[in-house]
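Report on the structure given below.
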Amino acid sequence: MMRRALIVIDVQNEYFSGNMKIEYPPVDVTLPNITRAMDAARAADIPVVVVQHDAPEQSPIFAKGSPGWQLHDEVAKRAASYRVNKTYASVFTGTGLAAWLAEHEVDTLTIVGYMTHNCDAATIYEAAHKGLTVEFLADASGSPSYENAAGKASAEEIHRVFSTVFHSGFAAVASTDAWIATVAEGKALERDNIYLSVQRAQSRQAAG
């Protein structure tokens, strides 16, 4: 039997009212889906792991003890089976999460929270490399836009591209509604694979 855990990553005020506002999908969509997933997990006896990112007190973002560092009230008021404070992108690095998952015989992680391309991505890749099955709820996560010397990308582009890459083999990507339905049915979400993802794109390009 599959044993899931819901991993709620960095749903902190910095992403809502601080210097790292999430743009896509908008937080008025993603936050309700995050809390719906938490409530559905609790109802289904799926453990909920709440993760919080710590930065030094002088940091412009996530400064420990600052308002931006605090968990959003909607997450903070909900019960957690296990809490993780981290200083790296992956929830595994420098934390006790891997040992806790093994102790509780968890083999499947469902990822929600922020940001799609950073802490979510780092966690998804590491979990997949550890042999865990991974699910990613695309409407319960999100990104801001980026611009630097390498180029620029909109929040929608970042979120869409990473979600597409995840689903090619690292994680099954789905909506919160679809995930809640699979939980009720006791089923797993299905991910795609790299080969078919490439073949579909090449076929479309050849037909275009």
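Just so you know, all these numbers are worked out from the coordinates, no wet-lab data involved. These numbers were taken from a predicted model, which means no experiment stands behind them. Here the Cβ is made from the backbone with ideal geometry for all residues, glycine too, and neighbour counts use every protein chain on show.
A few notes on this one:
- Pairwise label distance in nanometres, ALA188 with ASP28, each label 7 Å out on the Cα-Cβ vector: 3.8 nm
- If the segment from ASN19 to GLU105 were pulled out straight at 0.36 nm per residue, it would be longer than the present Cα-Cα gap by 27.2 nm.
- Note on LYS152: aspartates and glutamates with a C-alpha under 15 Å away, same-chain residues under 8 apart excluded, are GLU23.
- Most mobile of ALA80, ALA55, ALA153 in a GNM of the chain (Cα contacts under 10 Å): ALA153
- Two-site FRET efficiency, ASP45 against ASP177, from Cβ-Cβ distance with R₀ of 25 Å, rounded to 0.05: 0.80
- Dipole magnitude of the range 67-208 about its Cα centre (Cβ charges: Lys, Arg +1; Asp, Glu -1), debye to nearest 20: 240 debye
- Scanning residues 5 or more positions from ASP139 or on other chains, those with amide H under 5 Å from its amide H are THR176, with H placed 1.01 Å from N in the peptide plane.
- In percent, rounded to a whole number, the relative contact order of the range 4-207 is 23, using alpha-carbon pairs under 8 Å and six or more apart.
- The range 1-63: GluC sites (Glu not before Pro) in DSSP coil with no more than 14 other Cβ atoms inside 10 Å: GLU57
- Set LYS21/LYS77; LYS21/LYS130; LYS130/LYS187 screened for pairs whose C-alpha atoms are more than 24 Å apart: LYS21/LYS130
- Remark: spin-label model distance SER59-ALA201 equals 3.2 nm, labels positioned 7 Å along the Cα→Cβ axis.
- The GNM of the chain, with springs linking C-alpha atoms under 10 angstrom apart, assigns the highest mean-square fluctuation among ALA98, ALA43, ALA127 to ALA43.
- As a rough guide to protection, the peptides 110-116, 168-174, 82-88 ranked by mean Cβ packing within 10 Å, highest first, stand as 110-116, 168-174, 82-88.
- Selected from SER175, TRP69, ALA206, residue furthest toward positive end of dipole (the range 4-207; charges at beta carbon): ALA206
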